[in-house]
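Reviewing the structure listed below.
The values are calculated or read from the model by the stated rules, or taken from the named source; none is laboratory data. Computed from a predicted model, the values in this text were never measured in an experiment. Cβ atoms come from the backbone with ideal geometry, glycine included; neighbour counts cover every protein chain shown. Keep in mind that these areas ignore ligands, DNA and RNA; they rest on the heavy atoms of the full protein, side chains included. Shrake-Rupley method; radii C 1.70, N 1.55, O 1.52, S 1.80 Å.
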Amino acid sequence: MPRKRTYRQITRGLRFRLTAVYALFFVFLLAGVAAVFQVRLASVLDVQERNLVDQQWAALKGGYLRIEKNAHAFWYYDQDDEDESRILFNIKRVYFIADRNGNLIHEGEAGDDAVSTEYESIGVDPAAEIRARVREALATNPPKTFYTERRDKQGAHFLIRSGIVFDELHQNPATASMSAPYYVAIGISLAPFEAISRQFTLIYASVIPVALILGLLLGWFMAGRALEPVLEVAQAAQRISGSNLSLRIPTRKAGDELDYLILTFNRMIERLEASFQQMKQFSADVSHELRTPITAIRGQLEVALFTAKTNEQYRDAIVDALQDIDRLSQIVRALLLLSQAESGQLALQKSHIDLRLIVRDLVEQFQIPAEAEKVRLIADAPSECLASVDRVQIERMLTNLLSNAVKFTPEGGEVRVRLRSYPGSAEIVVEDTGSGIAKEYLPHIFDRFYRVPGSGPAPGPDQGLGLGLSFVAWIVKAHQGTINVDSSPGRGTRFTVRLPVEAGDQTAPELAAEPVASER
Ligand code: ADP
């Protein structure tokens, strides 16, 4: 099924993207952590390196090195003491001693140059640089020391600390002024520290790919699990079509976003099903309503064709057929209007009017038909009631309610139209003392083509279309109002319409509150 594959592809795409985002985040996180660790480790190692070279410098100055006044350097330590020997061994691995002019001095009585082989490999500082540094160091008290990083011939790294050491005359205050400064440099190998850093990088570099692969697998699996119900929903939605709109997608009872989506979807299908049903019912009703007059016309014409002999008989048949055609076009016109209204194509033309005038006019218009039916028609609209409404539609609404009331009220009965103004609303009540509507039929009277069984005139040209109250309901709804109906069979019916009235509509509220003589 090609369609099914499309849904799969969508979820697959989503799954892939989710995993990719997850992986990207993971890589950035790991790289960020690595960078922070690396920087932190470098600074810790830096401090350690300095501490080590400082310790050696302190030991050297503390007494292991003495420079005699004849410019010979001597190392003083207990050769039998293992610890002292080791300290001295470490100090003497990388060192050299020069006088203030940059010339290497001698070591011990034998007179060898005071420089270690390792320092020779690094390269003894040039004399000019030593002279400059001695000058710079002596400018401060205590004399300044220098840290430099150097490489030997093999490229190995060293941290060098250099500074001033005075000869033995300096020890005695009496001879201190005659003492001479010497330039001493010692160093430590940075190889062990670099090894730690390298090791860390190596471990991290081998852990990252493993973590990444695991993360990716986990992400792929999780995204797949999270999207699985989406696929199910899509498949269930696919099974729902016009013919089986009663199908619902079962919720997973997880109470999560997906359940909410399913619920919303189900509600949408429910509404769709209801309007689908309504449409089906409507087209069934329409065809039924149209068929009746068409069958009647056909019958009348056939009878005329086969049985009529005189012109008079032909005339009667044509008059009957025309009456039915009238009814047919009446139905079509009403339906067209109603469908325009319900699909929102019929916009309200609101204007600021006094509802009392509309009530009064219509009651006047209905006086003649009411008198013909021997029904008393009373208007009870005592005060001005200003509202912003569509005059034509409100008149249509009242016409429908009044014609029903008059039609369903027997001789001697009474129909009353009451208008009341309340803060924020206007109320129009049309009540009659007519046949009433049984409770079981009440919920249907606003449906299209619905006529209470057994009510009104027998089927024929006078029979109502069953569309009047559908119009009334639409007009009230379009005005954001409400309509209620109370009825008791044999005693009468009361329709109560409430229309909202905005504060601005009641331009003269004090006038509206004033009682005005009722018109009859
Ligand atoms: P109709 O064109 O048949 O009057 P409506 O939609 O106006 O159609 O009314 C639907 C049905 O509601 C009517 O057929 C009638 O049975 C019932 N009805 C409406 N108004 C009244 C009333 N005032 N008294 C009794 N029955 C009424």
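What number comes out for accessible area per residue over the stretch 257-342 if the probe is 1.4 Å? Units Å², please. Provide the component values of the computation, followed by the final result.
On the way: 6140 Å² over 86 residues.
On a per-residue basis, 71 Å².
For the pairs LYS374/LYS407; LYS280/LYS477; LYS61/LYS92; LYS92/LYS153, note any where the Cα-Cα span goes beyond 21 Å. Can you show the working numbers first?
Details: LYS374/LYS407 11 Å; LYS280/LYS477 23 Å; LYS61/LYS92 13 Å; LYS92/LYS153 19 Å.
Where the Cα-Cα span goes over 21 Å, the pairs concerned are LYS280/LYS477.
Could you rank the peptides 423-429, 107-113 by their average count of other C-beta atoms within 10 Å per residue, with the highest value first?
Details: 423-429: 16.9, 107-113: 11.7.
Top of the packing list down: 423-429, 107-113.
I'd like to check one number: the per residue accessible area of the stretch 18-196, probe 1.4 Å, reported in Å² as a whole number.
On the way: 10110 Å² over 179 residues.
Per-residue accessible area for the stretch 18-196 comes out at 56 Å².
On the protein heavy atoms, probe 1.4 angstrom, tell me the percent of accessible surface of the chain carried by carbon and sulfur. Please report the intermediate quantities before stating the final value.
On the way: 17670 of 31020 Å².
Answer for the chain is 57 percent, counting heavy atoms of protein chains only.
Over the chain, what is the mean sequence separation of C-alpha contacts under 8 Å (at least six apart), divided by residue count, expressed as relative contact order in percent? Mind dumping the intermediate values first?
Numbers: 700 pairs, mean separation 50.6, N = 520.
About 10 percent, as a whole number.
Which angle from 0 to 90°, rounded to the nearest 10, does the C-alpha axis of helix 191-239 make with the longest principal axis of the chain?
10
Per Stokes-Einstein, at 37 °C and 0.692 mPa s, what whole-number D in µm² s⁻¹ belongs to the stretch 257-342, with the Kirkwood radius over Cα pairs as the hydrodynamic radius? Before the final figure, lay out the partial values.
Values: Rh = 16.3 Å.
For the chosen part, D equals 202 µm²/s.
Starting from one equal scatterer on each C-alpha and no solvent at all, send me the Debye-based log10 I(q)/I(0) for the chain at q = 0.06, 0.08, 0.09, 0.11 Å⁻¹, two decimals.
Debye output, listed in q order: -0.61, -0.79, -0.90, -1.04.
If I fit a long axis through the Cα atoms of helix 127-138 and take the longest principal axis of the Cα atoms of the chain, what angle between them do I get, 0 to 90°, rounded to 10?
Approximately 80 degrees, to the nearest ten.
Quick check: the angle from helix 468-478's long axis to the longest principal axis of the chain, C-alpha only, nearest 10 degrees?
30
Which of the peptides 213-219, 322-328, 345-351 is most tightly packed, and how do the rest follow, judged by the mean count of other Cβ atoms within 10 Å per residue? Provide the component values of the computation, followed by the final result.
Working: 213-219: 14.1, 322-328: 16.0, 345-351: 12.4.
In descending order of packing, they fall as 322-328, 213-219, 345-351.
As an exercise, use a Förster radius of 51 Å and the Cβ-Cβ distance of GLU168 and LEU214 to find the FRET efficiency, rounded to the nearest 0.05. Could you put the intermediate results ahead of the total?
Details: r = 67 Å, r/R0 = 1.31.
With R0 = 51 Å, the Cβ-Cβ based efficiency is 0.15.
What Kirkwood Rh does the stretch 350-500 have if only Cα atoms enter the pairwise 1/r average? Answer in Å.
15.6
Using the basic label-point model (7 angstrom from Cα toward the beta carbon), what is the THR292 to ALA226 distance in nanometres?
For the pair THR292/ALA226, the computed spacing is 6.1 nm.
Per the helix-only calculation at 222 nm, which mean residue ellipticity applies to the chain, given -39500 (n - 2.57) for every DSSP H run of n ≥ 4 and division by its residues, nearest 500 deg cm²/dmol? Intermediate results must be reported in sequence, preceding the final value.
Values: 12 runs with 268 residues, N = 520.
Using -39500 (n - 2.57) per qualifying helix, the result is -18000 deg cm²/dmol.
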